[in-house]
1. It is to be established whether one or more residues within the range 158-173 are of a type in the set (Val, Ile, Thr), surrounded by 19 or more Cβ atoms within 10 Å (Cβ to Cβ) and under 18 Å from the mean Cα position of the chain (by Cα).
2. Let me confirm something: among Thr461, Thr531, which residue is polar (S, T, N, Q), open to solvent by 30 Å² or more (accessible area, probe 1.4 Å) and touching an Asp or Glu at 6+ places or on another chain (Cβ under 8 Å)?
3. Please state which one of Ile290, Ile256 is in contact with an Asp or Glu (Cβ under 7 Å, 6 or more places away or on another chain), modelled with pLDDT of 90 or more and either surrounded by 13 or more Cβ atoms within 10 Å (Cβ to Cβ) or of a type in the set (Ser, Thr, Tyr) (or both).
4. Residue by residue through the range 195-236, note down the ones that are open to solvent by 10 Å² or more (accessible area, probe 1.4 Å), part of a loop (DSSP other than H, G, I, E, B) and either within 23 Å of Met353 (Cβ to Cβ) or not aliphatic (A, V, I, L, M) (or both).
5. Go through the range 237-253 and count every residue that is open to solvent by 60 Å² or more (accessible area, probe 1.4 Å) and not in a loop (DSSP other than H, G, I, E, B).
6. Looking at the range 133-156, I want the residues that are in contact (Cβ under 8 Å) with a residue 24 or more places away in the chain and have a partner that is open to solvent by less than 40 Å² (accessible area, probe 1.4 Å) and among the basic types (Lys, Arg) with Cβ atoms under 8 Å, at least 6 apart or on another chain. Which pairs are those?
7. Can you work out which of the residues in the range 126-140 that are open to solvent by less than 30 Å² (accessible area, probe 1.4 Å) and more than 26 Å from Arg445 (Cα to Cα) is farthest from the chain's Cα centre (by Cα)?
8. Tell me which residues, restricted to the range 155-184, are among the β-branched types (Val, Ile, Thr) and under 14 Å from Leu395 (Cα atoms).
Amino acid sequence: MASPSPKSPEQSEKNKQYDRQLRLWGDHGQAALENAHICLINATALGTEIFKSIVLPGIGAITIVDHNIVTEEDIGSNFFLECSSKGLNRATESLRLLLELNPAVQGHAVQEPTEQILLENPDFFKSFSVVIATSLGEKIIQDLAQHLWDINVPLILCRSVGFLGSFRIQIKEHAIIETHPENEQIGLRLDVPFPALVEYLDSFDIEAVDLKDHGHIPWIVILYKAVQKWQLRNQNRWPMSRKEKNEIKEIIQEFIRKDENGIPIEEENFEEALRAVNTALVPTFLPVKIQELLYCSSATNLTKDSLPFWIMCSALRNFIEAEGKGKLPLRGVLPDMTASTDHYVKLQSMYRMQAAMEAEIVYRKVQEIVAQLHCESISEAEVKLFCRHSHDLHLIKGSNIAMEYQLGSNTVASYIARYLEEPDVMMVHYILLRAAEMFRSEHCRAPGEWEPEADIAKLKTCVSKLLTDISCSPFPKDDHIHEMCRYGGAEIHSVSAFLGGCIAHEAIKIATKQYNPVNNTFIYDGASTNTATFTF
């Protein structure tokens, strides 16, 4: 087999620059990020903090839409503006300083109001991977959200006012193949071993192995042999209960050699086998959430416009029903263990070969479906990745922000009312931030920006309108309304910096299609450092 071509100096330097993040999402994740184009509406302190954390990891391109002129207040809270920026366009100035962070990123500034773009050039937003919006009024939020929902472009709506901040992700449908779960199942198939594995496991005789090799037997073999011995006494059943697994542990302890004084010899591989009993003896099964995904209408009723994810789901279902015999494809990943190099390499090769063989079957089924539908081809690498992570597939079906804002027309009202009944709940801050948006739409400024005392009554009216729409009892405390007016729409940089990092993470998750994003609203109270998530 030909050796891989050496990496160019540019590629090596790039890998060095992005080393830490490549460990998180891999080369393919970095490639997805570099092909992404993200739009920011309004270069506020929060907006530029978001883009700072998107530019540094190497996003492909950014566009800032902002017709506003830089003011002294902007300079006071926004680290990506200079004193010399005063009186100049905010998009152009902030873009210039953001691009200094990473010369590889392409940048564009658009000096037009969002309302005008939606009216005169609505197709402008179609080219973006994600749109991030800050500091908008209620009316424009609804118009923008509805338009992006219709053209299927993800939207992250962000707010940062005083000590309060939030973001809301609107995404119609988002499939994640690489979810990176914290507690990933091993999936060794010891209950239904494939032929090559059976032959390998049966080749061992633990009782006959000499002491030198005894300490290098892979724990998978030890576990398999213990289960076999247990099954002879239990009608070939698979151990499921805690009592039965404790009996397996007792058998493993019987396998441990003893010295001339009858004291058990410490062998790390047997200790590993004892620790693995509870995790490695989980029977092979098709998770309910994966079954629901594979048999939903999107996977069973394919068209030429179906996304590759659904085509691969359909092929996977066909595999499970036929060659897989009710099982998902093997991951092909072997955990680290104490064993001789020869044993480990042989075992690893067997798992990899079996996984590759099963992924190849799924790939052939994908090709058949693609040929029938006359749609775009799906690469073998994509299918292999899909099969490797098929145990943890995840689908998010989001909701429309425009519908959320029409409180009286859906179940959002009762959801909010239920949470507002709880004491000291973070939903209070959601209502405040929504009321501030309503105030901005009605008065073309933030509450308290000009007349803090006079605006208290006006903001209270906005709160009352919202509460009336959701048929809720009076607002918990007027203190919250006073505090919002005291903020005067100002951003505290530390709050925006924290939120900016959080929102950048979510945008990267969406762009790379890795890790599960927040579903769907996140609220932060900087005064108490409390956070909460809600799903509208």
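1. Taking every residue of the range 158-173 in turn, at least one turns out to be of a type in the set (Val, Ile, Thr), surrounded by 19 or more Cβ atoms within 10 Å (Cβ to Cβ) and under 18 Å from the mean Cα position of the chain (by Cα).
2. Of the residues listed, the single one that is polar (S, T, N, Q), open to solvent by 30 Å² or more (accessible area, probe 1.4 Å) and touching an Asp or Glu at 6+ places or on another chain (Cβ under 8 Å) is Thr531.
3. Testing whether each residue is in contact with an Asp or Glu (Cβ under 7 Å, 6 or more places away or on another chain), modelled with pLDDT of 90 or more and either surrounded by 13 or more Cβ atoms within 10 Å (Cβ to Cβ) or of a type in the set (Ser, Thr, Tyr) (or both) leaves just Ile256.
4. Ser203, Phe204, Asp205, Glu207, Asp210, Gly215, His216, Asn234, Gln235, Asn236
5. 5
6. Matching pairs, first to second residue: Thr134/Arg159; Ser135/Arg159; Glu138/Arg434; Ile156/Arg168.
7. Phe128
8. Passing the criteria: Ile171, Ile176, Ile177, Thr179.
The values are calculated or read from the model by the stated rules, or taken from the named source; none is laboratory data. Because the structure is a prediction, the values reported are computed rather than measured. We place every Cβ from the backbone using ideal geometry, glycine too, and count neighbours over all the protein chains shown. Side chains are part of the model used for accessible areas, which takes the heavy atoms of the whole protein and leaves out ligands, DNA and RNA. Shrake-Rupley method; radii C 1.70, N 1.55, O 1.52, S 1.80 Å.
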